[in-house]
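The values are calculated or read from the model by the stated rules, or taken from the named source; none is laboratory data. Treat the numbers as computed from the prediction; the structure is a model and nothing was measured. We place every Cβ from the backbone using ideal geometry, glycine too, and count neighbours over all the protein chains shown.
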Amino acid sequence: MQSRISCFNPTLLRKNLTRFWPLWGLASFVGVLFPLALLLDFIRRGPRAVPSAAEFSNMYYSVVAGALPVVSLGYAILCAMVVWSYLYSARSVSLMHTLPIRREGLFVTNFLSGMAMMLLPYAVTGALCVAISLGYGCFDIGSLLTTILVVIGESFFYFASATFVAFITGNIFALPVLYFLLHFLAVLLDWLISTFAQGFIFGFNSSYTGVAERLSPTVALMSRVGVDRTYSEIQRYEGTYTYQESVLTAVHLDGIWMIGVYALVGMVLLGLAYMMYRRRRSESAGDVVAVGWLRPVFRYGVAALSALLGGQLLYELFWYSFQSGSYYDLLPMTVCLVVAGVIGYYGASMLLSKSLRVFRRSWIGLGAVVLGCVAVCCALHFDVFGIAARVPETSEVRSVEIDVAGNSYTLYPEEDAALLEQVRALHQAVIADEAYIRDKETNGLIPAVPAGDYEWTRLWISYHQGGSAVDRYYSLPLTRERMAARDTYDALLDQLVNSTEMKAKRLHLDDSHYQVEGGNLYVEKTAMGYDLSDREAAAILEAVGRDMAAGNWGTYDWFAAGQGQELAVQLDLRFSGSGEDWRGTDWINVVLRPEMTETVACLQELGLISQSDLLTYRELYPENYETETAATEAVYGSAVSAGRVSEEVTYTYEVPVVGAEAG
């Protein structure tokens, strides 16, 4: 009797599901707990807790956007480890390959088994959620279908990627390691390379650039798939009371197209896995890498990761305390990188050969690792790619953020073209003086500059270019002599910060992105605090603007020697801001001075302060400043600066939002 060769075996499918039922059974049990807890909460809180259809859809989408990628990432590798476990034992793989099922049949049947295990817990949990929504009258077919499609798409992608990795390796212990490495390699390399480059490149200040984020699907899905909610204000009546309440009226899932893209990527990975299975040798069971041409990739890849991570660790342990300046010393870092790279190279070789005898005939590979480490260190040290000198053109940026002198500013090309050119000129001047700045960081300004004639300040600039950004951070020495000179970064920085336009930016005057909505006032003498309404805050802001125009507010003294000359009144203004892809709140602390007559008069007209409250901190607490001045003069001499006073400090909290949200 002629035997049949099948491409699909339902018996094997049932065997897999019954054999590995504890995995999907436990996952289903855990999944059921959440809708049951939700149901009990509805019962406990009574009819008033019944959600609307939009609110129930919001729960679906919140789980899909916030939890599904992480859950699927971890659960997929567990399913892959059980259905493909026979590949990692010589006896098991030989037995499976003698069955009257072609490799195509084994591949299809086991993949469908894994997908069934992936989807069963979601199906059980979803069925219970649907029952609850039907029972409470908040069922929405549109959000349910969207959620089902997203769950199927992500489950398929994650299990397909786990299957792809399963055929790369022949070792079940290496499978989860390689799987998670595949999913996070892009962000790991981004972080390692960026942090390493910070130690060499002048001003480079990006520990993570995000340029390759889409190659790490879980990170991309978590950051780019979100819930777009729309709220409406309605009036509620409760007895004799009337109040406004924001009610969720519509909810949409943004970024769903990315899930479709990753599902297509999963199909490609699945096809590659099938091709590898057709050519896979049964004898590769137990090998860390079962695909021959990937073995050199693994060896040198491990060496590179080991060099970047281990090299920085060795440098921090053994040389950082001897480092001169803020940047890596070239020779010690190169040595540390070479040592870590060599360790990684031989470690990978031992894993591949399953032997400790890997040193013979390894000089060519060893030399390649050493030369690679030297080349990377030299390229970054001498900045052969010109990264430090890069200053984006105004036409290339969507916005520029600058943080200096205790304040942060956001500039836009269409509104602040002149200020952006000043920022670029300042940036170019800082780059031109790199050698001077590095020398002062290493050797200091003392005794070359008299006390009181120098100061250090921080400058942070971020050029936003769509989905990427160019971030630079500098610690700058300032001197009176250089600030009085022409075209030095000291002078350009002073001209920028103390320009009328930047002072107006500090207060968000005529700023289309910000609107004053309130604030706080605290009088030190009476220990009285006040909440400012939007009208009061607007009137005070206009008064501060008039003081600014008169030259009585906003001039930043980089070498200020006196403290306590400001009024003992704390004024904070709150602004609401929004842009194309962000929404946030900005608090500005305005330091009041006696010469700010317009602001003082406005506060008095509003009845917030009286004439007796107009005391400076030095007048209110003379003992504090007399003690400080005496101690300072005793230690350093009377010419030493006792500190620097900022006119105001801006704290910005900008929260990105997905889509437009009202309410």
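Give the residue that is nearest to the chain's Cα centre (by Cα), with candidates limited to residues of region 289-342 that are among the polar types (S, T, N, Q) and under 18 Å from V376 (Cα atoms). It comes out as Q312. Looking at E536, E524, E542, just one residue is in the same structural domain as A601 (by TED's automatic domain parsing), among the acidic types (D, E) and out of contact with any strand residue (DSSP E or B) (no Cβ under 9 Å at 6 or more places or on another chain), and that residue is E542. Considering region 15-62, and only residues there that are touching a residue at least 12 places away in the same chain (Cβ under 8 Å) and β-branched (V, I, T), the residue that is surrounded by the fewest Cβ atoms within 10 Å (Cβ to Cβ) turns out to be V30. When M96 is evaluated against the numbered criteria (1) surrounded by fewer than 21 Cβ atoms within 10 Å (Cβ to Cβ); (2) within 37 Å of the chain's Cα centre (by Cα), which criterion, by number, is the only one it fails? Among (1) surrounded by fewer than 21 Cβ atoms within 10 Å (Cβ to Cβ); (2) within 37 Å of the chain's Cα centre (by Cα), the lone unmet condition for M96 is (2). Checked against (1) β-branched (V, I, T); (2) under 14 Å from T169 (Cβ atoms); (3) surrounded by fewer than 21 Cβ atoms within 10 Å (Cβ to Cβ), V289 passes all but a single condition, namely (3). Given (1) at pLDDT 90 or above; (2) surrounded by 16 or more Cβ atoms within 10 Å (Cβ to Cβ); (3) farther than 22 Å from G554 by Cα, where does S475 come up short, assuming only one miss? The number of the failed condition is (2).
When each of H427, H513, H508 is tested for being in the same structural domain as G577 (by TED's automatic domain parsing) and under 30 Å from R214 (Cβ atoms), the lone residue that passes is H513. Can M548 be described as under 39 Å from the mean Cα position of the chain (by Cα), surrounded by 17 or more Cβ atoms within 10 Å (Cβ to Cβ) and either modelled with pLDDT of 70 or more or hydrophobic (A, V, I, L, M, F, W, C) (or both)? Yes: the conditions hold for M548. Screening region 352-368 for residues that are assigned to a loop (DSSP other than H, G, I, E, B) and without any contact (Cβ under 8 Å) to a residue 60 or more places away in the chain and picking the one that is nearest to V288 (Cα to Cα) gives S355. Taking region 509-626 as the region of interest, the helices (runs of 4 or more DSSP H) fully inside it that hold 2 or more residues being in contact with a helix residue (DSSP H, G or I) (Cβ under 6 Å, 6 or more places away or on another chain) are 534-549, 597-605.
Among the helices (runs of 4 or more DSSP H) confined to region 1-120, the ones with at least 2 residues that are within 30 Å of R224 (Cα to Cα) and in contact with an Asp or Glu (Cβ under 9 Å, 6 or more places away or on another chain) are located at 53-66, 68-83. The set of residues in region 376-395 being surrounded by 12 or more Cβ atoms within 10 Å (Cβ to Cβ) and in a helix (DSSP H, G or I) consists of V376, C377, C378, A379, L380, H381, T394. Test S349 against the criterion of being in a loop (DSSP other than H, G, I, E, B), among the hydroxyl-bearing types (S, T, Y) and either more than 24 Å from G199 (Cα to Cα) or touching a residue at least 24 places away in the same chain (Cβ under 8 Å) (or both), and give yes or no. Taking the combined requirement at face value, the residue does not satisfy it.
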